[in-house]
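Taking it in order: structure first as structure tokens, then the write-up.
The values are calculated or read from the model by the stated rules, or taken from the named source; none is laboratory data. Small disclaimer: the values here were computed from a predicted structure and weren't measured. FYI the Cβ positions are ideal-geometry reconstructions off the backbone, even for glycines, and counts take in every protein chain you see. We work out accessible area using only protein heavy atoms, side chains counted, and drop any ligands, DNA or RNA first. Shrake-Rupley method; radii C 1.70, N 1.55, O 1.52, S 1.80 Å.
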Amino acid sequence: MSVVGWLQAVVLFLVVLALTKPIGLFMAKVFQGERTWLSPVFVPVERFIYRISGVREDEEMPWNTYMFAVLAFSAVGFAWLYLLLRTQAWLPFNPQHLANVPPALAWNTAVSFTTNTNWQFYSGESTMSYLSQMAGLTWHNFVSAAAGIALAIALIRGIARTTVKTLGSFWVDLTRACLYILLPISIVACLVLVMQGVPQNFHAYQTVTSIEGVSQTITGGPMASQEAIKELGTNGGGFVNANSASPNENPTPFSDFIEMLLILLIGAGLTYTYGKMVKDTRQGWALFTAMSLLFFAGLVVVYWAEAAGNPLTHHLGVLGSNMEGKEVRFGAAASALWATITTATSCGAVNAMHDSFTAIGGLIPLINMQLGEIIFGGVGSGLYTKLVFVVLTVFIAGLMVGRTPEFLGKKIERREVTLAMLSILITPLLVLVPTAIAALIPAGLATLNNSGPHGFSEILYAFTSTNANNGSAFAGLGPNLFYNLTTGVNMLFGRFAEVIPIMALAGALAGKKAVPEGSGTFTTYSPVFVALLIGTIVIVGALTFLPADALGPIVEHLFSLQGKTF
Amino acid sequence: MLKHFSTSVRLTILTVVFFGLAYPFAMTGLAQAIFPNQANGSLVSASGKTIGSGIIGQLWTKPQYFHGRPSAAGKNGYDPTSTGGTNLGPTSKKLIASTKQAIAALRKDNPHAALPIPMDLVTSSASGIDPDITPEGAYYQAPRIASERGITTGSVNSIISAHVRGRTFGFLGEPRVNVLELNLALDRAVLVSATPAPRHR
């Protein structure tokens, strides 16, 4: 580890910290329907969209209607992408004449982008036409991110409102998230990325001959516009197979910095939005603090492991940090930082191949996802998952002191705790059971790229990542029908089975009366609460996943120290 | 409930037009107007012909040129239509075998190298089209280049040091040398000094 290596992490963190309030405040204004400096531009567009879609701006939806709207919109979006991928060969903007995507892969990909996972069982540069990349994937990057933000805002309203049944309108929240937040930042970010060297064109790939006479095909396409929203919306689906490790998507250390900032920006900002909307910004900063502490705890370990390098390579007489599956311009420090960020959020874009990380370096990304991606988190999904843990923590604290737990003036009762637990318990069920099945059947083992404990890690990582809607991979694991179907189902449940109880919780909270704060009320912004919240998250995560992690990365680490190979 | 589906369909059409078509088209227009070179792939020309991209690594095998890192992209490596790494884990037998092979090949190609073997030259990159090597990776190859071109190692080293890109703003990323840029500079320098490059092998 080096001081310079840490400096980029600290500077990035300080920039995120500085932007959290302005962006959070802006989002609070947007979702409360207040005027912002972008209103003159976007209010007419917004009205136009509502008029054509038949949406009433002042409509209010109860939780189940809100949820149904999310599901209906997701179903239509899924169908659109599936159709597009199955017919791309006959549609325009396909200069490489790429074929229609086969059914199982198209299904997996449509689920993947609808659920904001962006798990990819294909190589973009040789599978997706420019039209599929734009009207299919870039579009999904916008709306699936906006749907996540909308769900988080609905939960915040549930917490902030009293004795009402409604949580706002999904259509309005979705439209505003896209127009006021995602679009303007994407435009600016896209231009910065082009300046750094990310291509943005519609050319067919060009074949050139190098000085040595070797023929090489230079890829192109509308990459920068997709790259910007891919990071900002914590989507993570690469234009090309190597994702943000490719110099096309991420050509310089500065583009790398910008992309990491984009990944964290909205997740961090939403903590402030939350504080603002519940009229107590300390609540938001408490979440921010808990997130930051968990973030740095993970980063220390990944950076240490990757900088220390692979002992098996050192035995061959080559010393230094682990550079297998890493780019020279990023090195160990920026790769470790990115890996921590992409799994702390639900992004899943990579600037290095996690499959080739050291055992411990690969363990932390796995753990980050298993904890539920609550460290800043995916846009929206990070906050709503975190708030479920807050409810659980409040309940545990209530049990400790023998008092009915309260959260922001509302009694947390049986229904709320049941719903919170339901949403938390779905995760291990959907990760561990399919992992165990895959490890036992030939179809699950057929496409592994590594054997021994690392092969098991590939399976565990795949189901963890798809369930958490992350999308990063131990990418050696190849696609087959079994994985196309199982990871697809896992992504669907990972998104929607988790969020239905959360929306029910939002509805239950919105209907509650406010009780005045008393001397025995447990404050949910104190350092004690932050510590308790971290404890709850770590204990739930560790108890659930430690045995599985021990069979993969932990045992692999011990073998690597002994010099054993597989 | 049916109303939600009709709203979904209409909103889908509208947003596909806005964010899936208008946004990338508008950005392409802007990018082509403001940064045409980068937007078109940062192509590099030499003697009137396009020979590659400044941001994409290439396969180099001739001894008088600097070589890049091992690559898992495509059959022969450095294929931008097939990007990716080896995805071999730290305890993989295959990884250790291929690292051993890379070390042996490097030693064979650089019999006069005096520096320790740099990690980047024996490990595959993440993208398979990494355009850079570390400065250590370049200095390691300098004696070979010097003997192939009949110039001193010192003059090769000075070409390298002129093309090392430091960390951005002093703290972002890692120091690196772009292999294509370095090899072009090497060809130019040899032309300028007008020394006939003796080929002995």
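Of the set (1) in contact (Cβ under 8 Å) with a residue 40 or more places away in the chain; (2) assigned to a helix (DSSP H, G or I); (3) within 20 Å of A:Glu249 (Cβ to Cβ), all apply to A:Ser335 but (1). Residue count for region A:268-293 under the criterion of being in a helix (DSSP H, G or I), over 20 Å from A:Ile537 (Cα atoms) and not basic (Lys, Arg): the result is 6. Just one of the listed residues (B:Ser127, B:Ser92, B:Ser82) is in contact with a Phe, Trp or Tyr (Cβ under 7 Å, 6 or more places away or on another chain), among the hydroxyl-bearing types (Ser, Thr, Tyr) and either closer than 29 Å to A:Thr209 by Cα or at the interface with chain A (Cβ under 7 Å from one of its Cβ atoms) (or both), and it is B:Ser92. Residues in region A:336-358 that are open to solvent by 10 Å² or more (accessible area, probe 1.4 Å) and touching a helix residue (DSSP H, G or I) at 6+ places or on another chain (Cβ under 6 Å): A:Val350, A:Thr358.
Counting the residues of region A:79-118 that are outside any helix (DSSP H, G or I) and either open to solvent by 40 Å² or more (accessible area, probe 1.4 Å) or not aliphatic (A, V, I, L, M) (or both) gives 14. Out of A:Ala224, A:Ala150, A:Ala189, one residue alone is in a helix (DSSP H, G or I) and within 30 Å of A:Phe407 (Cβ to Cβ). It is A:Ala150.
What helices (runs of 4 or more DSSP H) completely inside region B:126-201 contain at least 3 residues that are exposed (fewer than 15 other Cβ atoms within 10 Å of the Cβ) and at pLDDT 95 or above? Give the steps one after another, and end with the answer.
Working: elements: B:135-149, B:153-163, B:179-193.
Ranges flagged: B:153-163.
Test A:Phe376 against the stated conditions and say whether it is within 23 Å of the chain's Cα centre (by Cα) and at pLDDT 95 or above.
Numbers: within 23 Å of the chain's Cα centre (by Cα): yes; at pLDDT 95 or above: no.
In short, no.
Among residues of region A:417-436 being open to solvent by 60 Å² or more (accessible area, probe 1.4 Å) and without any contact (Cβ under 8 Å) to a residue 12 or more places away in the chain, the one that is nearest to A:Leu477 (Cα to Cα) is A:Val433.
Can you tell me which residue among A:Thr271, A:Thr313, A:Thr234, A:Thr289 is over 30 Å from B:Ala22 (Cα atoms), more than 9 Å from chain B (Cβ to nearest Cβ) and surrounded by 22 or more Cβ atoms within 10 Å (Cβ to Cβ)? Steps first, please.
Numbers: A:Thr313 fails: more than 9 Å from chain B (Cβ to nearest Cβ); A:Thr234 fails: over 30 Å from B:Ala22 (Cα atoms); A:Thr289 fails: surrounded by 22 or more Cβ atoms within 10 Å (Cβ to Cβ).
Only one candidate qualifies: A:Thr271.
Would you check if there is a residue in region A:94-104 being of a type in the set (Val, Ile, Thr) and touching a Leu at 6+ places or on another chain (Cβ under 6 Å)? Yes, region A:94-104 contains a residue that is of a type in the set (Val, Ile, Thr) and touching a Leu at 6+ places or on another chain (Cβ under 6 Å).
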